[in-house]
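The structure appears right after this line, and notes come after that.
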Amino acid sequence: MTRYMSASDSLRQKIAVDSACVIKMDEKVDKTNKNLDRPVVKLWFVDISDFGRTSQFLLLSSAIFVAYLIYGYLQELIFRLKEFRPFGWYLTLVQFLCYLIFGLLEMYVRKNFKRKIPLKTYALLAFLTVATMGLSNTSVGYLNYPTQVIFKCCKLIPVMVGSILIQGRRYNCLDVSAMLSMVIGLILFTLADSSVSPNFNTYGVILISLALCADGAIGNVQEKAMKQYEASNTEIVFYSYGIGFFYILVGLVISGNFFPAFEFCRQHPVQTYGYGLLFSISGYIGVAFVLSLVKASGALIAVTVTTCRKAVTIVLSFLFFSKPFTIQYVWSGLLVVIGIYLNVYSKNRTSMDQVMLDTFTRMQTCFRSKRTSYRNTLTEV
């Protein structure tokens, strides 16, 4: 999900730096610009539009971390049942059905049934959403879970390509360096996984790579539609997942995989439908929080936050589920993190340099003050 150059790009860059550095300069900006048009930002049903941008960022980021850490844990837990691994698309069907019901209930509570985005746009969004989530869910059955997550961490790569094709953006040398760092880290991580993991399967790499390509497009299409038609999060979730549900259902029936999956889940209701329901609830809430963060801070910040969340998910995966480990996971993962940092820094270089300079100046002033005080104490003695 990322970024295009527009008339408000400089403001986006300032928002990104204020959020990443967790400083409160934006509180003053909000007070002096109350008359400016600002999007309505909600933390689930709570309106936080009047909060400062830093406060919005912290609240939404924390909520995203909690929701998606639960989501990741349940996803891996479901696929610990080996017989379920061929039925990743059926899990996605259950997930989309839950999202459809949740979206309908939320629209009823909000009393907002008006559709703003054209159906042809939703048809495209639904297809991309199905591809992203379906292929991602299915890949878990063929890959070590941390490998699947590290691939997701690199979705900035297709996002950058997607923003060039869809929104005509151009990137500088730092952005290209960030992409190369992530690509090299991803290759090394995959090679490490293939050497130590019994679950490694090239088919899984193909699935997650295709999921990333769809993910790179969906963020750009989603952000463009939200800003062009001023649609609510609830509307986008309801129609995207509602149409996507029928895409998946038709595909499963035609392929003949629907009834075997249904029968297996009927025999293991707790491990499939039970965990699947909790998995869907956490995912639905997480989607709402991510959309709110996109609206509040832009897609670049949203993708950075979700990427950091995935890094934590990898650590927890090794802690909660026993699996082979090699130190090469660490080095290759660090290359991915460096790539992410370079990408964020390139978007906010001026402001981040100023923040680092101010921090260094304060530290230098504090050191000189203490040194002067120490010298005065020695003189008095």
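The values are calculated or read from the model by the stated rules, or taken from the named source; none is laboratory data. Predicted, not measured: the structure shown is a model, and the values here were computed from it. Quick reminder, even Gly has a Cβ in these numbers, built from the backbone with ideal geometry, and neighbours come from all protein chains shown. To get the accessible areas, we keep the full protein, side chains included, count just its heavy atoms, and leave off ligands, DNA and RNA. Shrake-Rupley method; radii C 1.70, N 1.55, O 1.52, S 1.80 Å.
Quick look at the values:
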item: 5 angstrom amide H check on LYS42, placed H, neighbours 5+ away; result: ILE48
item: Accessible area of region 189-318 belonging to carbon and sulfur atoms, whole % at 1.4 Å probe; result: 69
item: Region 206-310, accessible area per residue, ligands and nucleic acids excluded (1.4 Å, Å²); result: 37
item: Protein-only accessible surface order, largest first, of ASP50, ASP353 at 1.4 Å; result: ASP50, ASP353
item: Cα shape, region 231-336, gyration tensor, a/c 1.5 rule; result: oblate
item: Rg/Rh for region 229-270, where both radii come from Cα atoms and Rh is the Kirkwood radius; result: 1.21
item: Computed E for GLU230/CYS366 - FRET, C-beta separation, R0 41 angstrom, nearest 0.05; result: 0.30
item: Spin-label pair ILE338/SER62, simplified geometry with 7 Å Cα→Cβ offset, distance in nm; result: 3.4
item: Accessible heavy-atom area order of PHE245, PHE189, highest first, probe of 1.4 Å; result: PHE245, PHE189
item: Cβ crowding within 10 Å averaged over residues, with 136-148, 92-104, 327-339, 65-77 ranked highest first; result: 136-148, 92-104, 65-77, 327-339
item: Highest to lowest packing among 116-127, 280-291, scored as the average C-beta count within 10 Å; result: 280-291, 116-127
item: Derived scalar couplings ³J(HN,Hα) [region 51-64; Karplus, 6.51 cos²θ - 1.76 cosθ + 1.60; whole Hz; x for Gly, Pro]; result: 6, x, 5, 5, 5, 4, 4, 5, 5, 5, 5, 4, 5, 5
item: Spacing of the two label points (7 Å from each Cα toward its C-beta) at HIS268 and PHE318, in nm; result: 2.7
item: Zone residues, region 226-244, relative to ASP47, backbone N less than 19 Å from point 7 Å out along Cα-to-Cβ; result: 230-235
item: Extension gain, LEU105 back to VAL330 (0.36 nm per residue minus Cα-Cα distance, nm); result: 76.7 nm
item: Cα-based equivalent ellipsoid of region 60-178: semi-axis lengths in Å, sorted from largest, via gyration tensor; result: 26, 25, 15
item: Solvent exposure, largest accessible area first (probe 1.4 Å, DNA, RNA and ligands not counted), of ARG53, ARG110, ARG115, ARG309; result: ARG115, ARG110, ARG53, ARG309
item: For region 212-224, Karplus couplings with θ = phi - 60° (6.51, -1.76, 1.60), whole Hz, Gly/Pro x; result: 5, 4, 5, 5, x, 7, 5, x, 5, 5, 5, 5, 5
